[in-house]
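S.K.: Can you read through this structure? Questions will come right after.
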Amino acid sequence: MASGGGLSEGEYLVLRLHPHWKTVLAPFLILALIIAAVLVLLAVLPSSADTAVVRLVIAVVALLAVIAWCAVPLLRWRTTSYELTNRRLRLRSGILTRTGRDFPLSRITDVSFSLGVLDRILGSGRLVVESAGEHGQLVLTEIPHVQEVQAELFQLVEDERTRLEHPPG
């Protein structure tokens, strides 16, 4: 019998993350540039009989640019999640269609992380999960608080190994 959120019996959510907020910084900067460009274009627009048509064209182009370079990346960020349960690492993503991958903790053989200079300043990093099986290595980028996540994942892997080696009863 499964519990809520697609978890199996006895399984519970330990941690749920989205990619680090710095991944949405570029879309916000692009949005500011689009707004500035629209305001400049409207300010230098000569007054003529076709002003309404030109304003409509500017608005449509700006709206399409906002959707393509701002809304889609923001939705992609919001709909991407990394979930850590006491039994598996779950990856979920997708705006219109959802995809998911699950990595049983019992198959994880190594967990490591790396931080660049900017990552250290902003508090994010890259998490590398080695797994026995067909996929081998999973690299997750832009993980917030990657050191804490790595430590938590490592502890859960050890707890799962202990649980499987020494079943209750």
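Values quoted throughout were computed directly from the atomic coordinates according to the rules given, and no laboratory measurement underlies them. Fair warning: this is a prediction, and the values are worked out from it, not measured in the lab. Methodologically, a virtual Cβ is constructed for each residue, glycine included, from the backbone with ideal geometry; neighbour enumeration extends over all protein chains shown.
S.K.: What residues qualify as long-range amide H neighbours of residue 89, i.e. H under 5 Å apart, gap of 5 or more or another chain, H built at 1.01 Å from N?
M.R.: 103, 105
S.K.: I would also like to ask the following. Taking the 0 to 90 degree range and rounding to the nearest ten, how far is the long axis of helix 51-66 tilted relative to the main principal axis of the chain, both from C-alpha atoms?
M.R.: Roughly 10 degrees between the two axes.
S.K.: Here is a further query. Compare the Cα positions of 82, 15, 32 along the charge dipole of the chain (+1 at Cβ of Lys, Arg; -1 at Cβ of Asp, Glu; about the Cα centre) and return the one farthest towards the positive end.
M.R.: Sorting the options by dipole projection puts first 32.
S.K.: Something else: Please report, for the Cα atoms of region 82-165, the Rg to one decimal and the Dmax as a whole number; what are they, in angstrom?
M.R.: In Å, with Rg to one decimal and Dmax whole: 13.3, 41.
S.K.: Nearest 10 degrees is fine. How inclined is helix 146-165 to the longest principal axis of the chain, computing both from alpha carbons?
M.R.: The angle comes out at about 30 degrees.
S.K.: Kindly list the residues of region 7-32 that lie in the label zone of residue 65, defined by a backbone N under 20 Å from the point 7 Å along the Cα-to-C-beta vector.
M.R.: From region 7-32, the list is 24-32.
S.K.: How large is the dipole of the chain about the Cα centre if only Lys and Arg carry +1 and Asp and Glu carry -1, each at its Cβ, rounded to the nearest 20 debye? Provide the component values of the computation, followed by the final result.
M.R.: On the way: 16 positive and 16 negative charges, 110 e Å.
Computed about the Cα centre, the dipole is about 520 debye.
S.K.: Now for a different question. Can you give me the Kirkwood hydrodynamic radius for region 24-76, using every pair of distinct Cα atoms, in Å to one decimal?
M.R.: Values: mean 1/r = 0.0846 Å⁻¹.
When all Cα pairs of region 24-76 are included, the Kirkwood radius is 11.8 Å.
S.K.: With each label point set 7 Å from Cα along the Cα-Cβ vector, what nm distance links residue 47 and residue 114?
M.R.: Roughly 6.1 nm, to one decimal.
S.K.: Let me ask something additional. Determine the gain in length on full extension of the stretch residue 99-residue 58; use 0.36 nm per residue of separation and subtract their C-alpha separation, reporting nm with one decimal. Could you put the intermediate results ahead of the total?
M.R.: Details: separation 41, 0.36 × 41 = 14.76 nm, distance 3.59 nm.
Length gained, residue 99 through residue 58: 11.2 nm.
S.K.: Treat the chain as a sphere of radius equal to its Kirkwood radius over Cα pairs and apply Stokes-Einstein at 37 °C in a medium of 0.692 mPa s; give the translational diffusion coefficient in µm²/s, rounded to a whole number.
M.R.: Values: Rh = 19.1 Å.
Translational diffusion coefficient: 172 µm²/s.
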